[in-house]
Structure formats: C-alpha cells, structure tokens
Amino acid sequence: MRELELYFGPQHLGMVGNFSITLKVEGDRIVKATSNPGYLHRGFEKLMELRKWIQNFPMVCRINVVEPDSMEMVYSMAVEKLAGIEVPERAHYIRSIYLELARVGSHLFGLWAYANMLGFDTVAQWAMYHRDLILDLFEELTGGRVYHIYIWPGGVRRDFPEGFSDRIVNTLHSIGGCVPDYDAVFFNNRIFCQRAKGIGTVKREEAKEMGATGQVLRATGMKYDIRKVEPYAAYDKVPWEVPTREDGDAYSRIWVVRDEMIESVHMIFKLLDNMPEGETYNRVPNPFKWNIPKGEAYVRCESSRGELGLYLVSNGEDKPYRVHFRTPSYPHGLTVLEKALEDASIADVGNIMISLYVVAPEIDR
Amino acid sequence: MAKQSLLSPFKAVRYLFKKPKTLRYPFELKDPSVRYRGFHLNDWQECTGCGNCADICPNEAITMVEIPDLEPKPGQKNERPELDYGRCCFCGLCVDICPPGCLRLSRDYFHIHFDTSTFVFFPHDEKTDNEKFLPSDNYSVLKASLSHRRQDNEGFVSDLKYSLFDPERVTMPEVSPEERKLSFIEQVIGYNKEEARREASRCLECKLCEEACPAHLKIHDYVRAIYEDKPEESLKKIFEDNPIPAICGRICMKHCEDACSLSIRGEALAVRWLKRYASDTIKDYKTTLELTPAPSTGKKVAVIGAGPSGLSVTYFLTLKGHKVVVFDALPGGGGMMRIGPPLYRLPLESIDKDVNYIASLGAEFRFNTRVGKDIEFEDLMKDYHAVYLGIGTTVSLSTRVKNAEKCILALDFLAENKIGKGSRVGREIIVIGGGNVAMDVAREAIRVQHMQYPGEEVITKTVSLENWDEMPASEEEIEDSKKEGIQFNPAWGPKEVVLDEKGNVKGLQCMKVKSVFNEQGRFAPTFYEENQMFLKGDMIVEAIGQRPDFSFIPEKLIKKLEFTERRKVKVDENGMTSIPNLFAGGDIVNLNLDAVTGIADAKTASEGMEKFL
C-alpha cells in the first residue's frame, strides 16, 4: 500500500494546544509518527535570566496554562533551597491543599479535553463546570482564576480567608457527589471502554526507558510518585495512597487520573483537619537588593502530569544565571507519544495524545 | 470495576430537567471575590510618586508620569503611575511593594472600548467622579460597558504582613538607660557589618530622601555601597556632598528619614546610622578618599566659625585650590557641634576626625581666635578676597521672668560639661524648654547629677509651654529622656524664680498655659493666671532658644547687612549677603537650624564664591 505523509495539527479537533505531529500512514495505520513542537516557544527560561528573583514568580506559572501551580511550587522550592529560606508549617499545609486543588482542577480539565475529543459532550460539560467551581475557590484564595500567582518564596501570598476551609469541603463534596454519574456515563461506559482499551499501550520497561512519569508510568503498575519518593510541602504529614493500574493503555491512564482525583480530595480533607495555626510567610529580602548566594539546585515535584523538575543556577546576583525546567510533557509528548502512536489508527491519534496528558506549552516553554 | 452496561449512560438524561448552571451574562452577574485582581485603583492623596511599582513590574506596564498640575507634598514627587493594560499581567507585585499601600487592584475585570488608547490610563480614585465611576447602587454591566465607566470596588489590597519591603528597621544596639545615665558613655553603639548590610538592604531606592535632604546627598548610592559591603565607595559618595559624616552620622536631623517611603507604614530606613557606619568603619579618610586639592589659585578666603557650614565651605573651597583660613573662638573645630550635643550623643573624637581631615587638605584653622577681639572683622574684609559668615546662634535666650538672672543658660551649661571643667549641679534641677536643646540639657544634667551624687536620689524635670503634641523636641529624644527618668511638666509656663532668704534658688512658680501660638501660628503664649503650680528645685537651666551674636561686626557694616522678616541674614542665590565679598550660611540664614541645612547653605555659598572669585 502507498505510504502517505500526513500533517496532524497544530489546528485539529483532536488536539489540545499548539502542537503538531507528522504522521507516515499506510491506509489508516500509522507507520511512523514524528512530534513537531515549537509553535508555542516563548523563551521563558531565557526571559527569567533577565528578571529579578521575585519578578520571575508571576512568570513561571505561564509555562503551563492548565496547572500553573506546580510551576510556582518548584520555583519557590528552588529559590528557598538556594537562599536558605525556611517556610512556616502552616504554609506547607496551605501549599499542599492548594496544589491538590490544582491537581483536581487540572484533571477535570484533562477529563473535559478527553471526553470532548471522544464525543462525550455531556461529561465534558460536567467536568468544565466542576473545574469552574474549583476556580471559584482559587479566585477567593488568590484573586486570580487561572494564574493564581500564589506560592512564592518564603511561603504563600495570603492566608486562607475566613471560613475558606468550609467552602473547600462543600465544593469538593458537591463535586464528589457526581462521581457515580461520571462513572456511569463515562468511566464505565462500554463505548468509552472500547475506544480506550488497548489503545496507545506503553509497557513498563519502555515507559521507564523513555523517561515517562506520572500517570503514564503509574498506569503500567509502577508506584512512582514524587510526593512519596521525595516528600515536599506537607505530603508526608498525612497518609495517602498512590493509585495504579496494570495495563499501560489509554483506559488505564484515565482510570489512574480518576482515582488520583478521589485520592486528592481525601488528602485535602485530612490536610484541612491537621492544618496548624500560625504564620504563612517568612519575609524574603527587599526584591531590589536580593542577591542569592552562588550555587545550583535541582528540585522536583509531582505535577498533575508527572515529575516536574527545575534546575536553577545562581551566580550570586539578583537574577538567576540559568533556569531549566524538566517538564513531564516533554518526554510524554515527544518520545512516548511517538512510540505509542506506532501502528495506531489515525482516528486514535488525539485519543492517545490526550490520554498521555500532553500540554504543549510545557514542551515549548 | 462496575458492570459495563450500555444503558447506564442514560442516567445523564435526568440532568435535562435541572436548572442550567451557565450564567446568562450580562443579565446574571457573578460577583468577583473580595481579593479579585482586576484593574488598578490608586489613591492620589496617599501616593508619594516613589515609583516602586514601576520598578517591580515584571512587564514594564507601569510608567511614572509627571503631573504638572499636581502640587507634591514635601518630600514627595508629582509623578503618578500610568498603567498599560496591554502589558499588565495582574500579578499584583505592584500592590505588594507599594509603600503607602495606595495602589490596589479593583474587582473590575472588563473594559470595552473602540479606542485602544483607553487601555493606557492613570488609575485614580475619584469616587465622586461620575464620568469615570458608576456608583455601586446604580451599577449594571450593561450600563458600565456602554458608558465605559467602572465600578469603584477594592479587590486585592496591600497587606503589611505580606509586603515585599520590610517595614521594621534593624534594631540599633544601645546602652541601657540605667547604665548610660550614670556616665557620658555614647548611647548608640553603632551597627556592626552584618547589621548595617541588613539595614541597607531595606532601601527601595526610590530616592525621595535625596529630594528631601537639604544638601541632596546621594543617599541611595551610599546605602547601596554599604549593602554591597563597600564602605569605601560609600564614604566617597558621602564626601561628594557632605564633608562631616562622623558628625552628621550622629546628630543629623534626618529629613531623609522623614521622607523615606518605608516610614509611611513602617520604620524609616536608618539613613543616619548607616552614614555613621560608613564613617566609623573607615579609620583613615585620607587614604580611602584619595582627594587632592586643585592647584593653588592664589585666592584667600576667610571663614568665621568652624561649625558645620563653615567646615563645609572650607572643604569645598580648599578642594578648588583656594587658601582658606578658619577663625573660631573655641579651642577646636565643630562650632555648635563642639559645645551643643552632649558627649553621649557626639563624642569629641568624632568631631576631630572630620575637622582633622579637612585641615589635612590644606585649610588653616585658627582656634581660640575671636573675631572682633583677637582680630578685627574689617581687617578680614580687607585682607581676604571673600569672607564667609558661619557664626551660628551662640547666645542663649533667657525667659526674663523675675529673678531669671539666677538661672543658668543652656549653652553655658552644655559647653561647661562638654569642653569645660564640668559644672556643680543641684540635686533637683529644673530645665525650662521643650526643644531638643532642653532635652540635651536635661539628659546631661541627670548624668552629671548621678556622677556627683552617686547612689543618691536626684531629680531632673523639664517645664515646657508646649503640651505633648506640640513639643518641638524629636520623639526619640523625648522617649529616651523618659527612659532615663526625666520628669516632664508640659503646658506650664514659668512665672517667677523663687528664692530663699539667702538668695539661693528654691524653685519655679509656674502657670498653666492656655495656648502657645496665636491664630497666625506665631509664638504668642497666653496663660491661666489663676492656675499656678510651684516646682521645687535648687538649680534652673533655661533652654528656650538661641540668637546669633553680631556684635563683632562694626556698626557701619551691620547697617548695610540686610535681614529677612524672620530676622535671618538675607542672602542671594549665590549665598552672598547685601555686602559684597561677604557670604553667609548656617543657622543665621536658614530656619531649619540644623547641621545638614548648614551644609546645604555652604554648598550654595561655595559655588557662589567660586563664581565670585
């Protein structure tokens, strides 16, 4: 059969974000896929070298539109490590709660993308609505809906408003009440099951080899989560489980996402119960006269997509010398995706891509 | 995993009968949260024009623009931030850095207009301006969008706990009140390197202080040099405008700290102590500064008075290559600084450090030389190309109440205890006055008492016309005095010094003050004659003010010397008096009556003399 070259994206119904894939197809079977990023290159890492330490903090969140919060977290962690800043206990709890809320919000957004792409419009609408409820919480806490600009070096930017914990609990309960509906209409839906099972399978060894993390790796049965491996914020203060699946296909991945959301909600409840009173911010030096001692740091956290790392070098000046992000979408979108697309059908390209949870802005930065 | 049925997805059908979740905007509104980060609001009354918001903005969305119609308050600028919403990312860093807390974000999040230039504007709170703002009770999105008006509702506001600047100053180590009142030990110990650098790091570099400083020192530069641990650089910057940092670093009236942005909601940057740190750290000015005077011009200048302004004129003109001779009646340099501020505030070594450096540049000092007695003023006018009058206010005023001649005058008391043999004091001293000199006298008196009567009970009290709020002494002086055990009697005026049979002082009869100032704000005290009080005391010091002594100037010249309405010597923009060749500055010219204004006068005069010579 004749081999054709097919350009998929950057504008395509099955795509989220500006990203394209060049496919070599034979009929509707993919022979070879080549990821083609670069549509969204904004040069953040270079820009950060030109801005003072604190001026970078409103910028890092823009690297990942869907879940900006982990970006703030790694940046703060790296700066705190380099400058030797302690974070108050309460701020650790607030950070964890906030990051878990962000995870739920991000997963709901991912669910919207996935359901929408597969044609499950009802579920997509629900997910979008529920994500909005979480954005309302963020708006109340931070003043922003999407870019919260909230975790900064030294702690968090503001304490919880009066009665905020109760509103978190109420919102999460009302979202949690819809889990049976989600299950019935989407996760346990036979149509979805047939579309997703056995699609884009990645074996555990392959996944490890290609640097996959997050639910891509956990869907192959490996319990690997930075929150457990290298606990930060308040993740070691409460008990929780790492959900896994065995099959390594799109179906397993989306179930890991579902279980993770439920685990996150439970974790938030536990964190809220144990949260101490006290300060939430240790003041950092005057931003115009803040030179961080010479040194380098690599920190990592578990974003909703996998391991997010930041390599930060200070030359002893008031600006970073070098910033490099290790974003989870990078291996997922470039190496894992190319592998998973081999021998798949054209109709499943978007399906596989979104199940790998690729967010293009993370690749390009 | 539950059983996968083909029918179960139809559970979703029941949602068809539920109320839609979508808001029908703009008819259904959702109120933004209390902390919402929308468009900016700025209270122009509070805004100082410091420009910190523009400096911190990561996107350069904020430009400081001069508003010509705006009359800035003293120590402030008439610049206001202009926002470009094509750049703004609503991060709110500007809110967290704003020292007065006037810049805030509102809960408004839409702005609709055909003209893109409207996206660049000055945030300005004008709650009454109906052209820009819709009143809250008359608000609807439709009205707001059609009329391009906004709603004045505060969102993300500044919180000192989370501010990007540090409102608290590094505490200056001091000798405790119990210990220091027993001797003349210097009260302020001075920052060490680590403390000085930490304090210097608080500076936001908005430069409001430099405007406020009469001598316009390059404060942000020398503070930054201290932060960077380069005290040599710092001292060089200071010496560009101020040749007496060891003196000013201790007793300056710090107009800079009053203007400091940080002082609006916190404690001002300790500019004075940082200057002191720079001058104390450098042991030898000469090798550090490496200043050499210009080649000799052959011109001769006489300076009368080796006070701050006289010393500064000497320094500036010596560097220009002129031959400067300084005449002073005291045995050393410093003028009023030598006799006024007590040893616990300004030790003599610090004065000599500055004076010796100026002498080492080539200036000639003739101490113990009183003009008018040891040398005639007219001779100076004849022999020198120019003469500078920096004589200061050297005669203490008396209350002139009955028996006032039995009292001691403030300057005599201070001089005696600083450079003289030390005076015999009573066990119960009354100080009349509420200014800084009165505080100096009282605090010095209590020290002398403790040294003369160790372990015995001694009392020092002050009587001032002014009440607590009006008292002209600085707040920290009053606080320190209280800590040392000085008693205060505010709003009482002296009526009569009461004597015993032998003619010794027994106490002071006082009457209650009705008001100190008249309606024009001039000094014109009135009293309740019937409300009197007797204060016991065996020694009374009058510290109610000083005046200059022009008696050395011959009569025909003094007639030509013009004075202002406030009895100050009138000088032109070059610092020259109405008599040619005669320049003047310092306390006889300005109303501030402090060292740094004297330096500012000296700068003007030395530039004027340079032109004249």
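What the table below lists for this structure:
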| quantity | calculated |
| --- | --- |
| Condition met for A:Ser303 (surrounded by 23 or more Cβ atoms within 10 Å (Cβ to Cβ), over 30 Å from A:Arg167 (Cβ atoms) and either more than 14 Å from chain B (Cβ to nearest Cβ) or among the small types (Gly, Ala, Ser) (or both)) | no |
| Tally of residues being open to solvent by 50 Å² or more (accessible area, probe 1.4 Å) and either of a type in the set (Lys, Arg) or in contact with a His (Cβ under 8 Å, 6 or more places away or on another chain) (or both) across region B:558-574 | 5 |
| Among residues of region B:7-22, those that are charged (D, E, K, R) and either more than 10 Å from every other protein chain (Cβ to nearest Cβ) or closer than 21 Å to B:Asp108 by Cβ (or both), counted | 2 |
| Filtered residue count, region B:161-174, keeping only those that are open to solvent by 20 Å² or more (accessible area, probe 1.4 Å) and under 20 Å from the mean Cα position of the chain (by Cα) | 5 |
| Unique match (being modelled with pLDDT of 80 or more and within 12 Å of chain A (Cβ to nearest Cβ)) among B:Pro68, B:Pro58 | B:Pro58 |
| Tally, over region B:81-109, of residues that are more than 14 Å from every other protein chain (Cβ to nearest Cβ) and part of a loop (DSSP other than H, G, I, E, B) | 5 |
| Residue in region B:23-37 that is closer than 16 Å to B:Phe121 by Cα, in contact with a Cys (Cβ under 8 Å, 6 or more places away or on another chain) and within 14 Å of chain A (Cβ to nearest Cβ) present | no |
| Condition met for A:Phe109 (among the aromatic types (Phe, Trp, Tyr), within 14 Å of another protein chain (Cβ to nearest Cβ) and on the phi < 0 side of the Ramachandran plot) | no |
| Qualifying residue in region B:324-342 (condition: more than 22 Å from B:Gln187 (Cβ to Cβ) and basic (Lys, Arg)) | no |
| Pairs, first within 9 Å of chain B (Cβ to nearest Cβ) in region A:123-135, second open to solvent by 10 Å² or more (accessible area, probe 1.4 Å) and among the polar types (S, T, N, Q), C-beta under 6 Å, six or more apart | none |
| Any chance B:Val463 is of a type outside the set (Gly, Ala, Ser) and either open to solvent by less than 40 Å² (accessible area, probe 1.4 Å) or in contact with a Pro (Cβ under 9 Å, 6 or more places away or on another chain) (or both) | yes |
| Number of the condition not met by B:Pro135 [criteria: (1) more than 14 Å from chain A (Cβ to nearest Cβ); (2) touching a Lys or Arg at 6+ places or on another chain (Cβ under 7 Å); (3) open to solvent by 40 Å² or more (accessible area, probe 1.4 Å); (4) at pLDDT below 80] | (2) |
| In region B:575-613, the residues that are of a type in the set (Gly, Ala, Ser), surrounded by fewer than 23 Cβ atoms within 10 Å (Cβ to Cβ) and in contact with a Leu (Cβ under 9 Å, 6 or more places away or on another chain) | B:Ser578 |
| Filter pass, B:Cys47 being touching a residue at least 12 places away in the same chain (Cβ under 8 Å), within 10 Å of chain A (Cβ to nearest Cβ) and not hydroxyl-bearing (Ser, Thr, Tyr) | no |
| Any chance A:Met117 is at pLDDT 90 or above and assigned to a helix (DSSP H, G or I) | no |
| 3 or more residues away from chain B (no Cβ under 14 Å): qualifying helices (runs of 4 or more DSSP H) within region A:137-253 | A:164-176, A:204-209, A:214-218, A:226-229 |
| Any chance B:Phe156 is modelled with pLDDT of 80 or more, open to solvent by less than 20 Å² (accessible area, probe 1.4 Å), of a type in the set (Phe, Trp, Tyr) and under 21 Å from B:Tyr36 (Cα atoms) | yes |
| Of all residues making up region B:221-240, the number that are charged (D, E, K, R) and open to solvent by less than 10 Å² (accessible area, probe 1.4 Å) | 0 |
| 3 or more residues open to solvent by 10 Å² or more (accessible area, probe 1.4 Å): qualifying strands (runs of 3 or more DSSP E) within region B:280-366 | B:364-366 |
| Count of region B:175-196 residues which are under 21 Å from the mean Cα position of the chain (by Cα) and crowded, with 16+ Cβ neighbours inside 10 Å | 5 |
| Residue count for region A:324-365, restricted to those that are more than 30 Å from A:Gln194 (Cβ to Cβ), at pLDDT 85 or above and surrounded by fewer than 23 Cβ atoms within 10 Å (Cβ to Cβ) | 4 |
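Listed here are the residues, each with its yes/no results for (1) open to solvent by 60 Å² or more (accessible area, probe 1.4 Å); (2) closer than 22 Å to A:Leu141 by Cα; (3) touching an Asp or Glu at 6+ places or on another chain (Cβ under 7 Å).
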| site | (1), (2), (3) |
| --- | --- |
| B:Lys21 | yes, no, no |
| B:Lys30 | yes, yes, no |
| B:Ser33 | no, yes, yes |
| B:Asn59 | no, no, no |
| B:Thr118 | no, no, no |
| B:Pro123 | no, no, no |
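The values are calculated or read from the model by the stated rules, or taken from the named source; none is laboratory data. Only a predicted model underlies this, so the values are computations on that prediction, with no experimental measurement involved. Virtual Cβ from ideal backbone geometry, glycine too; neighbours counted across all protein chains shown. These area figures cover heavy atoms from the full protein model, side chains too; ligands, DNA and RNA do not enter into them. Shrake-Rupley method; radii C 1.70, N 1.55, O 1.52, S 1.80 Å.
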